Every structure is written in structure tokens, then in C-alpha cells.
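Take a look at the structure below.
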Amino acid sequence: MSDKPPVQDFATDFDHTDTAWVKDPYPIWQDLRERCPVAHTDRYGGAWFPATHAGVSTIAKDTEHFTSRAVIMEVGRPGEEALPAPIGVAPPITSDPPFHQIARRLILPAFAPGVINELEPQIREVCRGLLERFGDDEEVNASWDYARLIPPSVIRQMLGFPEEDTERFIEIVHMITESVDNSEEQRLAEFEPIEAYFVQQIEDHQANPRDDLTTFLLNAEIDGQKLSLEHVFGTIVLILVAGIDTTWGAIGASLWHLAHHPEDLARLVNEPDLMPVAVEEFLRYYAPVTMARLVKEDMEYLGCPMKEYDWILLGFPAANRDPVVFKDADQFIIDRAENRHVAFGLGIHRCIGSNLARLELRVAIEEFIARYPRFELAEPSAVTWAPGQIRGPRQLPLRILE
Amino acid sequence: MKVVIDADLCQGQGRCFSIAPSIFGFDDLGNGVVLGDGTLTEETLELARLAQANCPEHAIFIEGDE
Ligand code: HEM
């Protein structure tokens, strides 16, 4: 975007922030699958993009040749000091084996299905509260004023932060996730009050332990040692960054789909039992998350001359559209019975929040269509998509129909 | 016929126990586990196959099934 030259050929010069990719990446990926299938670019200091399920799967599972120590593709590379390898700055997402498993196991129990399922009534409450605010409006922004606000409210409750802080918490969270384009100095300055707020909450939990995720983290141990405050703080920030825009994107894209596919909307309204299967198809078709890896050493891989520190853009959303694995891959089939989608990744970094994300997505759609059984896009051209590795509609004005 | 989960391949994607809760459960890390000894009847075989066809990690095996 900005002052970068537009992409002429995505096979040799791809850029995931190019306007064409941001708007509609699917034909680009299909074209790459047919003629590459691993695209290259000199942008970002050199990067590769496998467009097939096989390519994505091979690399996601190969922690010997690729490292996770940076997962967001940028022009620079993380300096050696920034990476206390193999831990990384945001464990476990930036950790490699063997430390990865230690950091991951620590938080997995807090996100296991039994624990997460208990949250359903709370999530429903959050969704209803937001819908309530729309009153009699005939036009509503289903992304900005609904989907965007659900994940932070849920996570605030999980962490056990005060209810009266909800608005403030949402503001803080979006400051973290939306400031990526700001300068390092700006970000640091903005981060100060955020840090102060979290430290205050953590201290309050130390003084008054209770049944929530913050207390869980404060009690967690590695080798008999309590976690440092930095570790607890870092994990909270990771959960915010990994759990918020992702789920926002998934909810938003699903409502966008329903707004211009009245037959699918009608089926969901009339056949609520279809929901779990439909959720998996929403996740496959509109998978919001693309991750990155760094190449560990010069090598020939998947037929490509990869160099140390080249990026791999790991397109789980592209893998989900590969016709080799999915029949009629470019068709949204709301009751698709066989659906091995990889929206939550593959291998050891499988999304820790997948049970929570699914629950939020299902409840958010259920509540929205219960309140509004018929709606359409108010103005298709007003819909905007988030650029970068997390995809989803930002503005989604819908017209509520009788 | 018997269904098994390869614990080295399972990453806790969570598809099996939502599709076939009568056959699969989960442990406290959220990984899939087979309930009981995994013996399948004619009725449960189809369901087990459906779970298998939805496992992104290809971690479910049905012994003796083609
Ligand atoms: C629809 C919503 C979501 C999608 C599509 C999604 C997708 C992903 C993907 C693809 C990965 C793998 C990253 C990699 O291989 O490098 C991942 C990892 C992760 N996600 Fe999610 N995510 C979602 C929601 C959430 C939520 C709600 C949370 C927590 C509250 C969360 C927490 C995490 C964490 C902690 C990891 C790191 C796991 C590890 O490295 O072992 N995610 N997510």
C-alpha cells in the first residue's frame, strides 16, 4: 500500500499488503497454485509463500528447518538479542522446541474444552448486551460495533479484570493490536499506561487470588518455580494479541457472508442444529490468520533456493482453498461434512484458543441471527478489510430487514 | 474394528470429540482420547470415519478399515 509499488506478478513479487490481495486474495492464490506453487518476493528482505495445502503443512510441521521466533512478517529481522532463543518474546507462539512445549503446556489447561464450555452463558450475555445497544436502528455496523467488541469483553472476564473497566480495557487492547503502523517510539509511549494498568491488575490478583486466568498464571510453575511477573504479563499480552483481532475477523467475515447469501442465512435461522458444521465452514472459507516463519539456514526446499532469514508466509487461509484437499474448494458449502480445515494452524503451534474462538463464533452468530433473522449489506462498497496477516472486515454496515 | 488416536500426531484440534462425543473425549490439555477400548459397532463405525475425515492432523486410525 502507501508508497510501495503495486504488485505486477504475485509469483515473483508478492506482497500481502497489496490492495488486490487485501481486497480479494483467493483468485491470486488459485493462480499461484496453478503455476508456481511457491511464490517468492524480494520485498521484506526476501520471502516465500507456499500456496498449496501440502506446502503449508510441510513447513508448519518442520521445526528443524524453520523457526517461529518471529511470526509477523516485516522489513527488518528480529535481532539476535531480541531472541532469547529458543524462548522468544511471546511464549509459546515465538518459541521453538524444546521450550515451546513447556510454555504451551502451562496454559493449555486454562483453554481446555471443559473449562471453556463453561463460558457460554457469559459470552451470550456479552452478545446480547451489544445487540441491545442497537435499539431500533435500521442500519448497524456488525463489525465495528458488534464483532470487534465481543472478544475483548470475553477475555476481560476470563482474566478477572473489573467489569467497570470493560470500555477502558477494549480501548487498551485495540491500542496494542492497532498500533503496528506507528513508530517504535510512539508505541513505547502508548504502552506505558497499558503496562501500568496490567501491573495494577496483576498486583490486585496477588493480593486477592480468585478463580480466573490471571490467578491461574500467578500460581503456575515451571520446574517448581513460580513464573516471573514479566512472564505472566507477557502471556496476558500474547492472549490479547492472539485472541482478539483473530476472532473479530472470523465473526465479521461470517456475518458478511450471511449478509449477501440469504439462502445460507435462512438455513441457519431454520436449522439451528447446523451451527457447529457451519462454523467449521466459516473457519475454512474465511480463515483469518496467516502466520510467518524464518528459514534457519540456506537450503533447497520444496524446489526453492531458500536463504537463511528468508521469511515464509504461512498461509493457512490459502491451504483451506486447495482443491487437492477440499472438494469444490472455492464454494462455501454450509453443511460440508468432511472438512479438514487448518484455520487454527497445524502441528505443535495449533491455536491454544481454538475452543474459545469456536464458542465465541458460534454464540455471536446465533445471537445475531436470533435478533436479526434477515439482513443485507447496506452498501457493499463501504465494507473494508483489515490489511496484513489477520483478515476480516472492519466496517460492515448492514441493513436490517423486516 | 477399533479406533485409536495417535497421541504423537494429535494436537488437540478438537474436531473428533465435537463430532463424535460418544466415541471420543479429551484430556486436561484438550487433546483427544478414545473413550473405552475403542471397539466400534456397525453404527459407530460411520461416525468414527466422519471424525477421521475431519481430523486436520490425520491422527485418527481405524484398525482393519480400508
Ligand atoms: C478464529 C479465531 C482464531 C484463529 C483463526 C486463530 C488462529 C491461530 C493460528 C493459525 C495459530 C498458529 C500460529 C502458528 O502456527 O504460528 C494460533 C496460535 C495461537 N493462538 Fe489462535 N486463533 C484464533 C483465536 C485465538 C484465541 C481466542 C486465543 C486466546 C484467547 C488464541 C490464542 C493463541 C495462542 C496462545 C497461540 C500460540 C500457540 C502456540 O504457539 O503453541 N487464538 N492461532
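From (1) within 16 Å of the ligand (Cβ to nearest atom); (2) open to solvent by less than 70 Å² (accessible area, probe 1.4 Å); (3) of a type outside the set (A, V, I, L, M, F, W, C), pick out the condition that doesn't hold for A:P276.
It fails just one condition, (2).
Out of (1) within 14 Å of another protein chain (Cβ to nearest Cβ); (2) part of a loop (DSSP other than H, G, I, E, B); (3) buried (at least 21 other Cβ atoms within 10 Å of the Cβ), the odd one out for A:V325 is which?
Result: A:V325 passes all but (3).
Pick out, from the range A:118-220, the helices (runs of 4 or more DSSP H) lying fully within it that include 1 or more residues that are surrounded by fewer than 18 Cβ atoms within 10 Å (Cβ to Cβ). Talk me through it step by step, then tell me what you get.
On the way: elements: A:120-133, A:150-159, A:166-178, A:184-207, A:213-219.
Qualifying helices (runs of 4 or more DSSP H): A:120-133, A:166-178, A:184-207, A:213-219.
Taking the range B:39-66, which residues are open to solvent by 90 Å² or more (accessible area, probe 1.4 Å) and either touching a helix residue (DSSP H, G or I) at 6+ places or on another chain (Cβ under 8 Å) or away from chain A (no Cβ under 14 Å) (or both)? Break it down stepwise before answering.
Here is the first cut: in the range B:39-66, the ones open to solvent by 90 Å² or more (accessible area, probe 1.4 Å) are B:42-43, B:46, B:58, B:61, B:63, B:66.
Of everything in the range B:39-66, those that are open to solvent by 90 Å² or more (accessible area, probe 1.4 Å) and either touching a helix residue (DSSP H, G or I) at 6+ places or on another chain (Cβ under 8 Å) or away from chain A (no Cβ under 14 Å) (or both) turn out to be B:E42, B:E43, B:F61, B:E63, B:E66.
Just name the residue that is surrounded by the fewest Cβ atoms within 10 Å (Cβ to Cβ) out of those in the range A:30-43 that are more than 17 Å from A:Q8 (Cβ to Cβ) and in contact (Cβ under 8 Å) with a residue 40 or more places away in the chain. Spell out the reasoning first.
Going residue by residue through the range A:30-43, those that are more than 17 Å from A:Q8 (Cβ to Cβ) are A:30, A:33-34, A:37-38.
If we keep only those that are in contact (Cβ under 8 Å) with a residue 40 or more places away in the chain as well, we get A:30, A:33, A:38.
Values: A:Q30: 16, A:R33: 21, A:V38: 19.
For the range A:30-43, the residue satisfying everything is A:Q30.
Among the numbered criteria (1) within 16 Å of the ligand (Cβ to nearest atom); (2) touching a strand residue (DSSP E or B) at 6+ places or on another chain (Cβ under 9 Å); (3) away from chain B (no Cβ under 14 Å), which one does A:Y309 miss?
That leaves (1) as the condition not met.
Do we have any residue at all in the range A:285-302 that's more than 15 Å from the ligand (Cβ to nearest atom), part of a helix (DSSP H, G or I), out of contact with any Phe, Trp or Tyr (no Cβ under 8 Å at 6 or more places or on another chain) and more than 14 Å from every other protein chain (Cβ to nearest Cβ)?
Looking for residues that are more than 15 Å from the ligand (Cβ to nearest atom), part of a helix (DSSP H, G or I), out of contact with any Phe, Trp or Tyr (no Cβ under 8 Å at 6 or more places or on another chain) and more than 14 Å from every other protein chain (Cβ to nearest Cβ), one finds none in the range A:285-302, hence no.
Among the residues of the range B:9-18 satisfying the criterion of being in contact (Cβ under 8 Å) with a residue 24 or more places away in the chain and not in a helix (DSSP H, G or I), which is nearest to the other protein chains (Cβ to nearest Cβ)?
Restricting to residues being in contact (Cβ under 8 Å) with a residue 24 or more places away in the chain and not in a helix (DSSP H, G or I), the top hit is B:Q11.
For A:F332, only one of the following conditions fails: (1) more than 10 Å from the ligand (Cβ to nearest atom); (2) open to solvent by 10 Å² or more (accessible area, probe 1.4 Å); (3) among the hydrophobic types (A, V, I, L, M, F, W, C); (4) within 30 Å of A:L213 (Cβ to Cβ). What is its number?
(4)
Among the residues of the range A:344-368, count how many are touching a helix residue (DSSP H, G or I) at 6+ places or on another chain (Cβ under 8 Å), among the charged types (D, E, K, R) and facing another protein chain (nearest Cβ under 8 Å).
Matching residues across the range A:344-368 total 1.
The values are calculated or read from the model by the stated rules, or taken from the named source; none is laboratory data. Quick caveat, the model's predicted, so the values are computed rather than measured. Cβ atoms come from the backbone with ideal geometry, glycine included; neighbour counts cover every protein chain shown. For accessibility, only protein heavy atoms count, side chains too; no ligands or nucleic acids. Shrake-Rupley method; radii C 1.70, N 1.55, O 1.52, S 1.80 Å.
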